[in-house]
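**Student:** Once you've had a glance at the structure underneath, I'll fire off some questions.
The values are calculated or read from the model by the stated rules, or taken from the named source; none is laboratory data. This is a predicted model, so every value here is computed, not measured. Cβ placement follows ideal geometry from the backbone for every residue including glycine, while neighbour counts extend to all protein chains displayed.
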Amino acid sequence: MEPTTPTSRRRFIALAVRSVLAAGLLVVLFQFVDLKAVLSAFTRADVTFLLGGAILVVANLGLQLAKWRYFVRLVNPDNSNVEITASLLFGITLGTITPGQLGEFGGRALRHQSLPAGSVVGLTLVDKIQMMCILGIGGTIGLVELYDLVMPFGPLLITVVSACGLLIFFRSHVLIGTVVHIRPALAERYLLKEFFASITVFKRKDLTIAFLLSISFYLVLFAQMFFFLNAFEPVSPYEAFVGFSAMMFLKSLLPISLGDLGIREVTSAYFFSLCGVAEATSVSAALLLFAVNVLLPSVVGLLFIPKLQQQ
């Protein structure tokens, strides 16, 4: 047995702390949300809406796979569908046990034999940045609506954030290049270097396709949340969208627990309460969103754990 190194101890401690944090957040949440009400909501749930949200996991994973396949084949057109699928699913598995799904970087890289690890990390970073742009735009719209920001501040904020999000999505290499020109030392940082190397393979057409796939994925996530909410009580598309968009955006800004567990539920309870949605409903829907889109694929991803090389 190999001796425990300081690095491995730090990683173990970090994992333990985040596990405790996730559990702690859930404990705090259920101090304010009646657990019996949540359990009761599940017993009265509309099965049709539950099935509708669950079935959409096929579209959810399908769009993620289509986008990742498109990205990978920009670098290596001969990459197999099996390897691409294994990379995505194992990335979700490692992402589940890391804050902000950071484990996806390593998970995707470990399952790709036909691409350099740096290229996989760079492409994953591009994917993450693109989704943050979409989440930022949607989240700003949701927050403006939830807090009823008056003219002209609300519309101006949406316009500015949307413009910045689209600029980063389609012209990120120019923005990063400007930053590096100002501070050349940043160009030597691993993630930024891999991001630069990856973003150069994207042409305007590729970015447009990536944008459409990202928007489609976001809308499928919203549709799932809408179905899960309505499984417990009637919630309008407007209420579902503003609560969902604000929750997803804030969750992405606070990657402090494992698989975002706890953060997702707390923010869901808070933002949907501003829409008049019962906390038992929003928490139940958020837990289902986690179970169907994160927990289930991560279990499947265990089938793709890479074999250790014999020394």
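**Student:** Pairs only if they're at least six apart or on different chains, beta carbon under 6 angstrom, first in the stretch 117-146 and at negative phi, second at pLDDT below 95 and not in a helix (DSSP H, G or I); list them, first residue then second.
**Tutor:** Val120/His112; Leu146/Leu274
**Student:** Looking only at the stretch 286-301, which residues are surrounded by 22 or more Cβ atoms within 10 Å (Cβ to Cβ) and either touching a Ser or Thr at 6+ places or on another chain (Cβ under 7 Å) or at pLDDT below 85 (or both)?
**Tutor:** Those that are surrounded by 22 or more Cβ atoms within 10 Å (Cβ to Cβ) and either touching a Ser or Thr at 6+ places or on another chain (Cβ under 7 Å) or at pLDDT below 85 (or both): Ala286, Gly301.
**Student:** Do we have any residue at all in the stretch 87-98 that's touching a strand residue (DSSP E or B) at 6+ places or on another chain (Cβ under 9 Å) and under 17 Å from Met131 (Cβ atoms)?
**Tutor:** Let us first name the residues in the stretch 87-98 that are touching a strand residue (DSSP E or B) at 6+ places or on another chain (Cβ under 9 Å), namely 96-98.
If we keep only those that are under 17 Å from Met131 (Cβ atoms) too, we end up with 96, 98.
So far as the stretch 87-98 goes, yes, one or more of its residues are touching a strand residue (DSSP E or B) at 6+ places or on another chain (Cβ under 9 Å) and under 17 Å from Met131 (Cβ atoms).
**Student:** Please indicate, with yes or no, whether at least one residue in the stretch 123-136 is assigned to a helix (DSSP H, G or I) and more than 18 Å from the chain's Cα centre (by Cα). Break it down stepwise before answering.
**Tutor:** Step one: filter the stretch 123-136 for residues assigned to a helix (DSSP H, G or I), giving 123-136.
Next, from what is left, pick out any that are more than 18 Å from the chain's Cα centre (by Cα): none.
There is no residue in the stretch 123-136 that is assigned to a helix (DSSP H, G or I) and more than 18 Å from the chain's Cα centre (by Cα).
**Student:** Next question. Considering only the stretch 50-57, I want to know if a residue exists there that is assigned to a helix (DSSP H, G or I), surrounded by 22 or more Cβ atoms within 10 Å (Cβ to Cβ) and not charged (D, E, K, R). Spell out how you get there, then give the answer.
**Tutor:** The first filter runs over the stretch 50-57 and keeps only residues assigned to a helix (DSSP H, G or I), leaving 50-55, 57.
Subsequent filtering for residues that are surrounded by 22 or more Cβ atoms within 10 Å (Cβ to Cβ) retains 53.
From what's left, not charged (D, E, K, R): 53.
Yes, some residue in the stretch 50-57 is assigned to a helix (DSSP H, G or I), surrounded by 22 or more Cβ atoms within 10 Å (Cβ to Cβ) and not charged (D, E, K, R).
**Student:** Quick one: would you say Phe271 is at pLDDT 90 or above, part of a helix (DSSP H, G or I), closer than 22 Å to Ile134 by Cβ and over 14 Å from the mean Cα position of the chain (by Cα)? So that I can check it myself, show each step before the final result.
**Tutor:** On the way: at pLDDT 90 or above: yes; part of a helix (DSSP H, G or I): yes; closer than 22 Å to Ile134 by Cβ: yes; over 14 Å from the mean Cα position of the chain (by Cα): yes.
Yes: the conditions hold for Phe271.
**Student:** Something else about it: Of Gly122, Gly107, Gly138, which residue is crowded, with 21+ Cβ neighbours inside 10 Å and modelled with pLDDT of 95 or more? Don't jump to the end; show me each part of the working.
**Tutor:** Numbers: Gly122 fails: modelled with pLDDT of 95 or more; Gly107 fails: modelled with pLDDT of 95 or more.
Every option except Gly138 fails the conditions.
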